[in-house]
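Report on the following structure.
The values are calculated or read from the model by the stated rules, or taken from the named source; none is laboratory data. The structure presented is a predicted model; accordingly, all values stated were derived computationally and were not measured. Ideal geometry is used to build each Cβ from the backbone, glycine not excepted, and the neighbour counts take in all protein chains shown.
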Amino acid sequence: MNPWKNFRNEFKALMEEEELLRRQGVLRDLCHAHVRYGEPGEPNYWVESIATESLQLRFELLANQAGIALGWQSGASPQQYFIRHLFLDLRANKSRHIDLYSDRAANINHLFEALATYCALLELQSLEKSVMPRENASEAMTEPEPRRGYRTEVRQWMAREGVRTVDIAAKRLCISRSALKSIMSKRGKRRYGSAVLTRILASIGDKSE
């Protein structure tokens, strides 16, 4: 089974349980996340209004598992890694789930619903990759190499966002410095996969891929 299908169903179950509690009058505010930027430009967040201890524990377990599935390796917790990727996707797509208050503050509304929707997107992307048609093996062998070198696009995004260095840009995009430099370069060994490239291009607003 596609792991993102399971994550989508689990976050949807949290969303439905939360909505039931709201209808019963147990809570007034649905779970949401505040996002703040520190000086290095790296987003930090905290979650509020989780109604019960059971919901809290299940959310943290799922978010950590999803972060690992998404590619977390080190640094912030898998949960933080996953929420940051959610935030970057919501911001890049101007989702109704996000309110941007300033360059340094935002709010992710209806967090469980936003997470379920994001997992559905990841499920779709994974499915599209698995069923990509190929006429035959020889044609696959002669397919052109994917484009290399997105230095101009990354630099334009950095200028728009007021990001001064590649180190800060890498933190903002939740990617290693070496991987971001590889994306920018036309030479050397690739230090990123196609899924990472697609995510970075979506985050910086490039539509060429």
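Below, the figures for the structure above:
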item: Near pairs, Cβ below 8 angstrom, 6+ apart or cross-chain, from segment 160-189 (in the same structural domain as residue 147 (by TED's automatic domain parsing) and under 21 Å from residue 87 (Cβ atoms)) to any residue that is in a helix (DSSP H, G or I) and of a type in the set (S, T, N, Q); result: 173/203
item: Segments classed as helices (runs of 4 or more DSSP H), wholly inside segment 1-111, with at least 3 members that are in contact (Cβ under 8 Å) with a residue 60 or more places away in the chain and farther than 30 Å from residue 194 by Cα; result: 3-23
item: Filter result for the condition that a residue is at pLDDT below 80, surrounded by fewer than 17 Cβ atoms within 10 Å (Cβ to Cβ) and within 20 Å of the chain's Cα centre (by Cα), over 178, 208, 138; result: 208
item: Whichever residue in segment 154-195 is assigned to a loop (DSSP other than H, G, I, E, B) and aliphatic (A, V, I, L, M) and, among such residues, is nearest to residue 92 (Cα to Cα); result: 173
item: Selection status of residue 195, surrounded by 12 or more Cβ atoms within 10 Å (Cβ to Cβ), of a type in the set (A, V, I, L, M, F, W, C) and modelled with pLDDT under 90; result: yes
item: Count - residues of segment 28-55 that are farther than 14 Å from residue 86 by Cα, among the small types (Gly, Ala, Ser) and either under 21 Å from the mean Cα position of the chain (by Cα) or at pLDDT 80 or above (or both); result: 3
